[in-house]
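Here is the structure we will look at, set down as structure tokens.
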Amino acid sequence: MVNKTVLENGLRIVSERLDHFRSISLGIWVNVGSRDEGEAENGVSHFIEHMIFKGTAIRNSLRIAKELDSIGGLSNAFTGTEYTCFHSRVLDKHLQALADILSDIFLHSLFDLQDVNRERQVILQEISMLEDTPDEHIHVLFSKLFWMGHPLGMPVMGTPQTVSAINKDKILSHIRRFYTPGRIIIAAAGNVDHATLVEHFRPLFESLPKEKEVPCRMPPCSNGAVSCRYKELEQVHLCLGGTAPHLYSELRFAGAVFNTILGSNMSSRLFQEIREKRGLAYNVYSFLSSFLDAGVMGIYLGTDERNVNRALKIIHREIEKIQRGKISRADLRATKEHLVGGILLSSENTDTQMMRLAKNEGVFNRFVSYDELVGRIEKVTIDEVVAVAKETFQGQNVSLMALGPLEEKQLDLDNVAFD
């Protein structure tokens, strides 16, 4: 059973009761991420995520860690392009203790100057670690190229320059502007009683003042371009992609089917053609990222510099096959079954249930049942998949980013040209 309560200040509390579980997953979500930052403050949302666990007036970081450990709490936080989440999973009997800890760190973190300076060094090391991991760094470089000039293209963690400039004043200013009740969702899934959940959180959060203004997000435009960043590596890492359906688009389900057929599992066309049949890469896959007002579908590949054009030619050929409708009914049926299976299997985890609950509330302002989701996937047609493939990979929409021992003049750009 799903329940929802909206406090007078606009803050939403949503829960799904799953009686057969002994655990509860609880998250505090804020509708703010890296796309809400200015260029000079890039990384501040992620910085706040780190700082939330560093201490309040009654708990220092060690006490926070010990109290969470003492109730068996599996706690974490993450920052994305459009939201930030602080969450934990505990046995149902520890809900009140967890609610008290999460509320305290969320509402009363001190952001002590010494902690800010210390955590800055941790984040700088995190950025360095990412830059030393080319199969992850290529995605940051691709986003910057594809969403050029828009906040969606900025790295979630920020850059060494911007992180070095973030101070307590910038952190508090960002919190005052974005950590407002209309942007906050408290979500829980598991063996949870909704009335008890509201009883825990209402007195703590209802005093938050309503926002006086709602900051607007600037719609993005994609950028079709080719870029190479030369770096002495063992492989060339490639990211190729184009525009995809956004979260409100009726074609987002066809986008998921297209992504699965093309490269998101072991039976996909790119995995079979590039890895299994030719051994050109250990790691090759496609991915789909949908935002509130935009989307991108991309392909990642790591290969020897001598095989770059050969691999790109295969990618081009497989995309064009799908664009021409070369999808059998059996392939479509198997792809839908794969997607539905993944969705329903993930439903057996309270963390997944809590995250679905919060995301659907944040995007659609309502609960989206598994039956509704499965029904929408089952209705996807081959014509819709073809339409998404054509829309995604058009000449003016496609970007290619390369990282490794390769120069742009070595690329056969015909492999990036789509009708």
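The values are calculated or read from the model by the stated rules, or taken from the named source; none is laboratory data. Source: prediction; values computed, not measured. Quick reminder, even Gly has a Cβ in these numbers, built from the backbone with ideal geometry, and neighbours come from all protein chains shown.
What the table shows:
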item	result
Members of segment 138-187 that are closer than 26 Å to Phe205 by Cα, assigned to a helix (DSSP H, G or I) and touching a residue at least 40 places away in the same chain (Cβ under 8 Å)	Lys168, Lys170, Ile171, Leu172, His174, Ile175, Phe178, Pro181, Gly182, Arg183
Failed condition for Gly298, given (1) part of a helix (DSSP H, G or I); (2) in contact with a helix residue (DSSP H, G or I) (Cβ under 7 Å, 6 or more places away or on another chain)	(1)
Entirely in segment 324-410, the helices (runs of 4 or more DSSP H) that have 2 or more residues that are modelled with pLDDT under 95	none
Boolean, Leu292 is at pLDDT 95 or above, part of a strand (DSSP E or B) and closer than 30 Å to Asn31 by Cβ	no
Residues within segment 16-54 that are in contact with a His (Cβ under 6 Å, 6 or more places away or on another chain) and either farther than 16 Å from Phe111 by Cβ or of a type in the set (D, E, K, R) (or both), tallied	1
Breaking point among (1) in contact with a strand residue (DSSP E or B) (Cβ under 6 Å, 6 or more places away or on another chain); (2) in contact (Cβ under 8 Å) with a residue 60 or more places away in the chain; (3) over 14 Å from Ile28 (Cβ atoms); (4) among the aliphatic types (A, V, I, L, M), for Val116	(1)
Members of segment 258-311 found to be touching a residue at least 12 places away in the same chain (Cβ under 8 Å) and among the acidic types (Asp, Glu), listed by number	Glu273, Asp293, Asp304, Glu305
Of all residues in segment 335-348 being over 23 Å from Leu301 (Cα atoms) and in contact (Cβ under 8 Å) with a residue 24 or more places away in the chain, the one that is nearest to the chain's Cα centre (by Cα)	Ile343
Subset tally (residues that are under 21 Å from Asp412 (Cα atoms) and of a type in the set (D, E, K, R)) for segment 280-334	9
Boolean, Ser88 is farther than 28 Å from Ser399 by Cα, assigned to a strand (DSSP E or B), at pLDDT below 95 and not assigned by TED's automatic domain parsing to the domain that holds Leu247	no
Residue among Gln121, Gln125, Gln114 that is within 30 Å of Ser207 (Cβ to Cβ), assigned by TED's automatic domain parsing to the domain that holds His46, in a helix (DSSP H, G or I) and over 21 Å from the mean Cα position of the chain (by Cα)	Gln114
Residues of segment 384-413 that turn out to be within 17 Å of Glu320 (Cα to Cα) and either without any contact (Cβ under 8 Å) to a residue 12 or more places away in the chain or aromatic (Phe, Trp, Tyr) (or both), as a count	1
Members of segment 197-217 that are surrounded by 14 or more Cβ atoms within 10 Å (Cβ to Cβ) and out of contact with any Asp or Glu (no Cβ under 9 Å at 6 or more places or on another chain)	Leu197, Val198, Phe201, Arg202, Phe205, Leu208, Glu211
Residue that is in contact with a strand residue (DSSP E or B) (Cβ under 6 Å, 6 or more places away or on another chain) and in the same structural domain as Ile123 (by TED's automatic domain parsing), where the choices are Ile48, Ile101, Ile64, Ile13	Ile13
Number of positions in segment 280-310 that are hydrophobic (A, V, I, L, M, F, W, C) and farther than 23 Å from Asn223 by Cβ	3
Filter pass, Leu288 being surrounded by 21 or more Cβ atoms within 10 Å (Cβ to Cβ), in contact with a Gly (Cβ under 9 Å, 6 or more places away or on another chain) and aliphatic (A, V, I, L, M)	yes
Extreme residue, surrounded by the most Cβ atoms within 10 Å (Cβ to Cβ), among residues of segment 268-285 that are among the hydroxyl-bearing types (Ser, Thr, Tyr) and either more than 19 Å from Ile382 (Cα to Cα) or out of contact with any helix residue (DSSP H, G or I) (no Cβ under 8 Å at 6 or more places or on another chain) (or both)	Tyr285
Cross-chain or 6+ apart pairs with Cβ under 9 Å, segment 55-68 first and farther than 11 Å from Phe111 by Cα, then part of a helix (DSSP H, G or I) and acidic (Asp, Glu)	Ile58/Asp104; Arg59/Glu67; Arg59/Asp104; Ser61/Asp115; Ile64/Asp104; Glu67/Asp100
